[in-house]
Structures are given as C-alpha cells and as structure tokens.
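Visitor: Encoded as structure tokens, here's the structure I'll be asking about.
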Amino acid sequence: MVVAASSYLPPYVIKDNDSGIQLEILKAAFKSQGISNIVVQYMPNKRVEQQLLQGKVDIALNFASGASTNIYQSEPLLRYQNVAISLAEQNLKIDSIYDLAGKSVLGFQNATNFLEAPFKSVTRILRSYDEVVNQEAQVDHLMKGWVDVIILERRVFLYYLEQYKQTAEIKPFVVHPIFNEAPRPAFFNSEVLKDTFNTGLGQIVESGEYQAIIRLDGTEYAQISSNELRK
C-alpha cells in the first residue's frame with residue numbers, strides 16, 4: 001500500500017524516519033486492522049494530487065481538491081490550525097484575513113487552495129505574496145524581517161522555531177489565529193480501503209492510542225529530531 005505525502009511537513013510528516021503525527025495515526029489505524037505493509041512516497045503537494053488521481057498511489061495526505069468521483073475521503077485524522085505570524089516589533093493589527101492587505105506575506109505551497117476562500121482573493125491586494133515548499137524558510141524570512149507575515153500551521157511553526165533557535169536569535173512574535181481549524185482527512189482511490197481506515201481510526205481513538213499520538217506538539221518532535229541528529 002503506497003501513501004503519498006508532502007516532502008516537508010514536520011511534525012505531521014517526517015521524511016527522515018517515516019514518522020510524524022499524521023503518519024503515526026495512519027499506521028496505527030491500519031495496524032489495528034492487520035495491515036502494516038505501508039510504503040510512503042514523498043513529493044510536493046501538487047504532485048500528491050496528480051499521483052492519486054492517476055492511480056499511482058493508494059492514499060494521499062494534504063489533498064486540496066477534495067473528494068470526487070473515484071476519490072474517497074476518510075474521517076479526519078486531526079485538525080490543522082493555520083495561523084498568521086508577525087514580529088511583535090512590527091505591532092501589526094491582524095484580526096481577520098482582510099487585515100493582511102498591503103503586507104508582504106509568505107505562505108506554504110498551495111496555500112491559496114488549502115485555506116478558506118477569502119484568502120485567495122486577498123492575495124491580490126498584498127504588497128507581495130509568495131509560497132515555499134520548505135517551510136523552514138518561512139521562519140527564517142520572518143525572523144530576518146524579510147516579510148511582514150508568514151502563514152503556516154501552528155505545530156509546523158513550533159517545530160521549525162525550535163530548530164531555528166538552536167543556531168539563531170528568536171525575536172518576539174505574535175500569533176494571529178485568523179483561520180478556522182481545518183479537518184485533515186486522508187484520500188483514497190478505494191472505498192473499501194477508506195472504510196478499513198475509518199474502522200481502524202475509531203478503534204485507536206477508543207483504545208487511547210490516538211490521544212497518545214496527538215498530544216505531541218511541534219516542539220517535542222523538533223527536540224526528538226535534534227537528538228537523533230546528535231547520535
């Protein structure tokens with residue numbers, strides 16, 4: 001069974017050891033159903049969609065297009081909390097997506113498709129807007145003052161912030177929770193496989209295994225990764 005996942009999405013997906021919160025939930029759910037032969041292929045978000053639609057993988061994470069004919073959406077593995085983050089010294093008032101107008105913003109790849117509809121229209125009235133695949137660059141750009149605002153998921157930010165502060169100065173920052181929580185299902189090209197996963201997900205929630213996985217935040221995963229590198 002082949003899973004397509006983003007190349008850069010720690011702590012949800014960690015390529016170096018086929019780990020991360022989302023992958024651990026996926027593996028645990030299938031393991032409860034007697035399935036452990038899972039191969040993870042890493043690729044940019046846009047290619048994840050293409051591979052699933054072409055039937056070259058069985059499961060896709062971070063699939064922006066949503067369910068369609070022959071693509072089946074599971075129950076949510078978890079919920080993302082995307083946020084806007086600025087430096088405190090800028091004293092920016094950002095209480096809604098529309099408050100981003102006129103600012104320089106750096107988002108994650110395909111953000112205009114993943115985030116709620118107003119964001120895509122607002123990007124047209126930003127001073128500048130760009131997207132990156134490797135989200136570590138977002139933290140670096142913000143701390144160096146190269147952009148006014150970065151937009152990314154809260155745990156992802158905490159992961160890269162923890163790593164960044166090992167080698168560079170961290171400036172005070174402000175988190176602006178201007179986006180709604182986003183349920184993150186997995187997407188399947190088999191309805192039977194989707195149903196099997198949903199059954200397994202329900203079982204690990206009931207057993208408490210799910211809660212043990214989800215309690216880890218980005219900071220903890222970054223510390224685990226740093227410790228692995230020092231071995």
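The values are calculated or read from the model by the stated rules, or taken from the named source; none is laboratory data. Here the structure is a predicted model, which means the values were calculated and not measured. When we count neighbours, we look across all protein chains shown, and the Cβ atoms used for this are built from the backbone with ideal geometry, even at glycine.
Visitor: Is the range 155-177 home to any residue that is farther than 18 Å from Ala88 by Cβ, free of Cβ contacts under 8 Å to residues at least 60 places away in the same chain and touching a Phe, Trp or Tyr at 6+ places or on another chain (Cβ under 8 Å)?
Guide: No, the range 155-177 contains no residue that is farther than 18 Å from Ala88 by Cβ, free of Cβ contacts under 8 Å to residues at least 60 places away in the same chain and touching a Phe, Trp or Tyr at 6+ places or on another chain (Cβ under 8 Å).
Visitor: Among the residues of the range 32-49 satisfying the criterion of being of a type in the set (A, V, I, L, M, F, W, C) and either crowded, with 19+ Cβ neighbours inside 10 Å or not in a loop (DSSP other than H, G, I, E, B) (or both), which is farthest from the chain's Cα centre (by Cα)?
Guide: Checked the range 32-49; the qualifying residue farthest from the chain's Cα centre (by Cα) is Val39.
Visitor: Sticking with this structure for a sec: Go over the candidates Leu9, Leu61 one by one and state the one that is within 16 Å of the chain's Cα centre (by Cα), at pLDDT below 90, buried (at least 18 other Cβ atoms within 10 Å of the Cβ) and under 23 Å from Glu209 (Cβ atoms).
Guide: Being within 16 Å of the chain's Cα centre (by Cα), at pLDDT below 90, buried (at least 18 other Cβ atoms within 10 Å of the Cβ) and under 23 Å from Glu209 (Cβ atoms) holds for just one of Leu9, Leu61, which is Leu9.
Visitor: Scan the range 64-89 residue by residue and report those that are within 13 Å of the chain's Cα centre (by Cα) and under 27 Å from Gly145 (Cβ atoms).
Guide: Residues satisfying the conditions are Tyr80, Gln81, Asn82, Val83.
Visitor: Among the residues of the range 12-24, which ones are part of a strand (DSSP E or B) and either within 10 Å of the chain's Cα centre (by Cα) or within 16 Å of Pro44 (Cα to Cα) (or both)?
Guide: Val13, Ile14
Visitor: Anything in the range 111-144 that is at pLDDT below 95 and surrounded by fewer than 13 Cβ atoms within 10 Å (Cβ to Cβ)? List them, or say none.
Guide: Glu116, Ala117, Asn134
Visitor: Still on this structure, I have one more. With respect to Gly200, is the statement that it is at pLDDT 90 or above, within 20 Å of Glu24 (Cβ to Cβ) and surrounded by 12 or more Cβ atoms within 10 Å (Cβ to Cβ) true?
Guide: yes
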